[in-house]
Amino acid sequence: MADLIEDDAPGANAPEFSVSEISGAVKRVIEGEFPHVRVRGELGRVSRPRSGHVYLDLKDERAVLSGVIWRGVAGRLATQPEEGLEVVATGRLTTFPGQSRYQLVIEDLRPAGQGALMALLEQRKKALAAEGLFEEGRKRALPYLPEVIGVVTSPSGAVIRDILHRLRDRFPRRVLIWPVAVQGAACAPEVATAIRGFNALDPGGAIPRPDLLIVARGGGSIEDLWGFNEEVVARAAAESTIPLISAVGHETDTTLIDFVADRRAPTPTAAAELAVPVRLELLSTLDAQGGRLTHAVSAAMARRGERLRDLARGLPRAETLLDWPRQRLDSLADRLPAALRTGVQARRVALSEAGGSLRPALLARAVAGERRRAAATAPRLAPALGRRVAAAREALEARSGRLTLRPVQAEITREGRRLADQGARLDAAFARLVADRRSRLDAADRLRETLGYRATLARGYAVVRGDGAVLTRKAEAAAARALEIEFADGRLALSGRGRKGGGAGDPPGQGELF
């Protein structure tokens, strides 16, 4: 009987739990024991999927803790998670049943002390320097005397008052203030927006575009100035096409925007001094330059006057220059009559000698000689002319042999066909033109008939004429001597007496159709 009774297995009376029940129990225990914790560690893996949530690992030398930052919280964090940054994360512990692990739901994230901030700053400096944003070659020169100065700072602090006071003392300029938060989570996005906003202004618009920007803030701790170490601010300053002066903190404070800005000022007051010159000093310099210019012009005029006088002393007088030509003219005038007489006499002698050699006998002999030469040449002229004509005839016959009428006839035939073709096309075009003109004339005539008064007569109306004119009034018809009524199918003439109802002896009026 004892063998027939089966004993229960050890522990068979222990309760059984489902996987979900165990996961829920663990979740309640963990969330109950750790509803609010602060964990310090180094950020390991940082993942940012398209959902907007941030998944990361907090680690130290012995353990790793998974963490998650929901999308709504990630957008509000003052410090964005970066791999290798030592932070203090604040949140609550919970479990993730789908993977049987626990994780920290982070609600706040801050660097773990000043050393972590400095390490993060050095990391960002190296990354931006590798991109060339700190190079001196890309930095622009400041305008000597800007018309409009844009200031990015807090409107309620002492910084803006110091800047305005210093500008007023040195050289008053127009100032545009873009109010921003200078510390806290809103600092970096507002400063970046202000820099880009000033650059987006149109030159000559309703709001003047600044010629120079000043980003200013008073001194403070590294945490207070951290907004100016954000990458978004540094990139906005690097993208600015307007020259930018960085005046953040005291002289010993250094932020990331100082390396990117075109010039760094140790204090906001120094930034105002860099922005504009001293007006009185500028006026004094202008006066001094004006005095030096006047003195230089006077000295140059004096030197040139002295040089002109020296050159004038070396030149002879005008009377001296004319003495010798005047004397030479007098001498030539004295010699001119004798020279004229000598010249006339010499030409007379030459004429007499030439005339003596010209005698009729000499001319007759010359003419006779030419006549004999022409007579000797005449017999040779006819044979030469005959030979020339024969040669020309032979050349003409040789060329005429190469001339045939076949190409000419072919050309005539081809041109005849072209002429016939052109004639046919001209006849067709003329026929089309005549048909078009006839159709247009018929259409115009139909329109005339439609618009004319005869179409109106066909609808039952009539035209009354009297004494050769169209009558439109009863009084005109009564006064007319004879009436004529035009219908659609003809005209009816009414005599005056019959119409007026004459005497007893008069015949009645008669109508005549025509």
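The values are calculated or read from the model by the stated rules, or taken from the named source; none is laboratory data. Only a predicted model underlies this, so the values are computations on that prediction, with no experimental measurement involved. Glycine gets a Cβ as well: all are built from the backbone with ideal geometry, and neighbour counts include every protein chain shown.
Observations, loosely collected:
- Residue satisfying all of: in the range 73-110; of a type in the set (D, E, K, R) and in a strand (DSSP E or B); nearest to Ser18 (Cα to Cα) among these: Arg101
- The range 249-268 - residue that is β-branched (Val, Ile, Thr) and in contact with a Phe, Trp or Tyr (Cβ under 8 Å, 6 or more places away or on another chain) and, of those, surrounded by the most Cβ atoms within 10 Å (Cβ to Cβ): Ile257
- From Arg50, Arg38, residue being among the charged types (D, E, K, R), part of a loop (DSSP other than H, G, I, E, B) and modelled with pLDDT of 85 or more: Arg50
- Only one entry in Ala318, Ala333 is over 30 Å from Leu145 (Cβ atoms), at pLDDT 85 or above and loosely packed, with under 10 Cβ neighbours inside 10 Å, namely Ala333.
- The set of residues in the range 130-163 being over 32 Å from the mean Cα position of the chain (by Cα), within 20 Å of Ile195 (Cβ to Cβ) and not in a loop (DSSP other than H, G, I, E, B) consists of Thr153, Val159, Ile160, Ile163.
- Scanning the range 352-366 for any residue that is modelled with pLDDT of 85 or more, part of a helix (DSSP H, G or I) and either surrounded by 10 or more Cβ atoms within 10 Å (Cβ to Cβ) or not aromatic (Phe, Trp, Tyr) (or both) turns up nothing.
- Residue list for the range 257-278, restricted to those being among the hydrophobic types (A, V, I, L, M, F, W, C) and over 15 Å from Glu136 (Cα atoms): Ala265, Ala270, Ala271, Ala272, Leu274, Ala275, Val276, Val278
- Test for Leu396: is it of a type in the set (A, V, I, L, M), modelled with pLDDT under 85 and surrounded by 10 or more Cβ atoms within 10 Å (Cβ to Cβ): yes
- Failed item in (1) surrounded by fewer than 22 Cβ atoms within 10 Å (Cβ to Cβ); (2) within 21 Å of Ser156 (Cα to Cα), with Ala216 passing the rest: (1)
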